[in-house]
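The values are calculated or read from the model by the stated rules, or taken from the named source; none is laboratory data. Keep in mind that this is a model prediction, so the values were computed, not measured. Every residue, glycine as well, gets a Cβ built from its backbone with ideal geometry; the counts of neighbours run over all protein chains shown.
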Amino acid sequence: MVEHKTKMNLEMYTEIIDNTENNKAPLIYIIEIGRPEDEYYKFYIGKSSAGHNRPLKKYPKSVRNFENGRYRKTYKGGEVIGTRPAWRDNVHPILSEAKKMGWPIKVTLEPIKEEELDSAEENKIFEMVSKWGSDKALNIQLLKAGGETKEHKKTKNMNIALIAHDNKKADMVAFVSKRLPFFNREDVMIVTTGTTGKHVKHAGVKNLETVLSGPLGGDAQIAAMVVDGKIDLVIFMRDPLDKHPHDVDISMLMRLCDVHNIPLATNYKTASYLVKYLKTK
């Protein structure tokens, strides 16, 4: 946690919750006006690749500029071509009004990896909208339509199958453990074969459905789900150096992934690239 009380941000925020350790590291910020039980409760979610600068410096300054009727110059090719308001959306006027009314304004800072900023911001918005309603959200870039808010349509769940042969189960546990925030997202559902399921559940995966173990028909069950359109990605850490009693089921699963155009990762590295891509979605 970094100490950063200044006259400007204390002028606007009544509470600052800082969960970061570096004031220049990427983060998302949650600005809340009032408490959820208050009739006037509103929230705004934003991101900052420059750390504290945007939520703790730029926002209070922009609100002050709004209150003082100040405008900033706009440039093109190094020349001044006009002026524009010192605020870009509806959050600054509402923050100004909240200050005048004496309502509490809290900002929470959460550290995020830079490559995950966009998805983390979007996920937090959707989480808050689902919890408190779109009428409480000030994120008009996602919710505004013709001057009115509309309910956000949740993205379709991603159903991911996790399978690992005995000699690869440790790799699967290591893989999942490093990416728990992704695998525990609300829009991610995990399907695993029996023994693999026990291992990844112990590693911390929550949204989990388990089918039979591979030799008892689990791979065939997942293959059927692929055919039914119920699986979006298969991560199968297979042991290519050993023979398996259910090799025919393994071959069927892999063939059906190709037939139905389902992404299939059969090793740690490929799985890493696929999940890295999905984190941005």
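Restricted to region 235-266, and to residues there that are charged (D, E, K, R) and touching a helix residue (DSSP H, G or I) at 6+ places or on another chain (Cβ under 8 Å), the residue that is farthest from residue 222 (Cα to Cα) is 242.
Scanning region 141-161 for residues that are at pLDDT 50 or above and not basic (Lys, Arg) yields 157, 158, 159, 160, 161. Sub-6 Å Cβ pairs linking a first residue in region 261-281 that is over 25 Å from residue 251 (Cβ atoms) to a second residue that is among the polar types (S, T, N, Q), at least 6 apart or interchain, are 279/119; 280/119, ordered by first then second residue. The residue that is farthest from residue 112 (Cα to Cα), counting only those in region 1-24 that are at pLDDT below 65 and of a type in the set (A, V, I, L, M, F, W, C), is 8. Annotation note: Cβ proximity below 6 Å between a residue of region 197-214 that is under 19 Å from residue 157 (Cα atoms) and a residue that is in a helix (DSSP H, G or I) and basic (Lys, Arg) (sequence gap 6+ or interchain) occurs for 208/201.
For every residue, the table says whether it meets (1) buried (at least 20 other Cβ atoms within 10 Å of the Cβ); (2) of a type in the set (Asp, Glu); (3) farther than 22 Å from residue 113 by Cα; (4) outside the structural domain of residue 110 (by TED's automatic domain parsing).
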| residue | (1), (2), (3), (4) |
| --- | --- |
| 171 | no, yes, yes, yes |
| 176 | yes, no, no, yes |
| 216 | no, no, yes, yes |
| 237 | yes, no, yes, yes |
| 245 | no, no, yes, yes |
| 267 | no, no, yes, yes |
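Results for (1) charged (D, E, K, R); (2) modelled with pLDDT under 85; (3) part of a strand (DSSP E or B), shown as yes or no for each residue.
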site: 56; (1), (2), (3): no, no, no
site: 65; (1), (2), (3): no, yes, no
site: 75; (1), (2), (3): no, yes, yes
site: 83; (1), (2), (3): no, yes, yes
site: 88; (1), (2), (3): yes, yes, no
site: 110; (1), (2), (3): yes, no, yes
site: 116; (1), (2), (3): yes, no, no
site: 123; (1), (2), (3): no, yes, no
site: 127; (1), (2), (3): yes, yes, no
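Residue by residue, here is whether (1) within 20 Å of residue 172 (Cα to Cα); (2) in the same structural domain as residue 273 (by TED's automatic domain parsing); (3) crowded, with 19+ Cβ neighbours inside 10 Å holds:
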site	(1), (2), (3)
219	yes, yes, yes
228	no, yes, no
232	yes, yes, no
240	yes, yes, no
256	no, yes, yes
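No other residue among 98, 50 is surrounded by 19 or more Cβ atoms within 10 Å (Cβ to Cβ), small (Gly, Ala, Ser) and at pLDDT 85 or above apart from 98.
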